[in-house]
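What follows is a short report on a single structure.
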Amino acid sequence: MRGLRRWWDDTAGGLPTTFWYLWSGLLVNRAGAFAVLFLSLYLTDARGASESLAGAVVGAYGAGGAVGVLLGGVLADRWGRRATLLAAHLGAAGLMTALAFSRQLAVIAVLAALVGVVHSMPSPAFVAAIVDVVPEHRRSRAFNLQFWAFNLGMAVASLLAGVLAEASFLALFLVDAAATLAAAVIIAVKVPETLVRRRPPATLPAASSARRPGLATALTDRTFLVFVALTFVLAVLTMQTSTIMPLAMRADGLGPSAYGLVVALGGTLIVVGQLFVPRLIEAYRKATVLSVSTGLMALGFGALAYADDLPVYLGAAVVWTIGSMLAAPPNAQINAELAPPELRARYQSVFYLTFPAASFVAPALGGLSLQHLGERHWLIVGGLGVVAAVGHLLAGPPRERRVAARHALRPQRPEAASGAGRR
């Protein structure tokens, strides 16, 4: 019993009340975000769209997401975290309801793009708010729990989506809207504004030439952009599971049920094992953890060059999933450390751009690579991961010097409003 209590304290102890309301809002939001999973099926089965048109509409959703993540970062630093979260959630609930009753494909396409915008807006605000209220020495466990909630919510969404889609597409959209609205209520009632207005900083990153800090500061911060580039490689590796791996498994004579088993194994490992990660990595430098985690992902995906049957795919999935689990907390921590407090959400938005970018690059180039190179595609993917693993070791010391210099110039100060709900 004592060991269980100690594990809980190491995993979730000491986090402020506001964090738990943010966490609950994220969990509810992700558990209810299932309509988009079946958008292409809805368009082809219920609206008579061709497969190419359905793909274009889903692509519009993805394009909206790229816009939304930048917009969310700018607004979260200007309006505030709470205002941005409320606007995004209420907008998503309204747009999803409109989508449920829309019949014309042109209208559905426009609504899908707008839903992509409001679905991506909360990400920078959520993370910036977590950084605002959680003390630096506890952020690793906070980010670990955020990653866990996101994946747990996605697992629940996947289960609910199948049931609702078989019953009624209308119900699929309306329940999604209701879950989003429920998350908005949690934020409205329980989450105070966490943004603290500051005077313009005396010292900006050396790469910035702007008089006033803004999005351009993040886009010209070389130390940060190296980190973003390495994260982009990790995102490209991760996207292999949903874009290229199904094609490779089909070529090996494995059907959709086998693919579903591989994906389910990864999700189960994250839900069961993610809570043990903070204690496992706390004694190591972040750069070392990221190098090991990226190396594991490289090993897992590289092994698919020799995969011909399901057990090999399952074994490889265990390896790359462990890698992604280890990477989640230090990735978020480094992002928070490199961002000036007054640009916290903007830096988050640039960081989150790696995922829509990877969702485009991975299938576009990966499909060509698999077609022309066959199983050698996976050796290239593995090699790319090895390069990124070495890159983290090389980029780690400059990042650490940057963070140490900032701490030396700026003594620790409370970063959250008095109403942020610390215990």
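The values are calculated or read from the model by the stated rules, or taken from the named source; none is laboratory data. Given the structure is predicted, the values throughout are model-derived calculations rather than measurements. So basically every Cβ, Gly included, is an ideal-geometry build from the backbone, and we count neighbours across all protein chains shown. We work out accessible area using only protein heavy atoms, side chains counted, and drop any ligands, DNA or RNA first. Shrake-Rupley method; radii C 1.70, N 1.55, O 1.52, S 1.80 Å.
Structural remarks
- Dipole of the chain computed with +1 at Lys/Arg Cβ and -1 at Asp/Glu Cβ about the Cα centre; of P311, L160, A287, farthest Cα towards the positive end is A287.
- For the stretch 22-68, fraction of C-alpha pairs farther apart than 18 Å, in %: 43
- Cα gyration tensor shape for the stretch 74-183, rounded if a/c is under 1.5, else prolate or oblate: oblate
- Distance distribution note for the stretch 207-303: the fraction of Cα pairs above 18 angstrom is 64%.
- Long-range tail of P(r) for the stretch 257-324 (Cα pairs > 14 Å, %): 61
- The mean of 1/r over all pairs of different alpha-carbon atoms in the stretch 262-391, once inverted, gives a Kirkwood hydrodynamic radius of 16.1 Å.
- Pairwise centroid distance, computed over Cα atoms, of the stretch 326-378 with the stretch 1-77, Å: 16
- The stretch 103-146 - Rg over Rh from alpha carbon coordinates, Kirkwood radius: 1.31
- Bins of 10 Å from zero: percent of alpha-carbon pairs in the stretch 1-134: 12, 36, 26, 16, 8, 2, 0
- The chain, dipole about Cα centre (Lys/Arg Cβ +1, Asp/Glu Cβ -1), debye to the nearest 20: 1900
- Springs join every pair of Cα atoms under 10 Å in this Gaussian network model of the chain, and among A298, A339, A106 the largest mean-square fluctuation is at A106.
- Label sites at Q371 and S50, each approximated as a point 7 angstrom past Cα along Cα to Cβ, lie 1.8 nm apart.
- For the set D9, D308, D132, solvent exposure ranked by accessible area (probe 1.4 Å, protein chains only) runs largest to smallest as D308, D9, D132.
- Leading residue at positive end of dipole, the chain (Cβ point charges), from I334, V361, Q371: I334
- Computed lengthening from V163 to V272, 0.36 nm per intervening residue step minus Cα-Cα distance: 36.9 nm
- Two tests apply to each whole DSSP H helix in the chain, Cα reach of 30 Å or more along its axis and mean Kyte-Doolittle hydropathy of at least 0.0, and the ones passing both are 51-78, 81-101, 139-167, 169-190, 222-243, 310-338, 376-409.
- DSSP-assigned coil residues among trypsin sites (Lys or Arg not before Pro) in the stretch 210-281, each with at most 10 further Cβ atoms within 10 Å: R211
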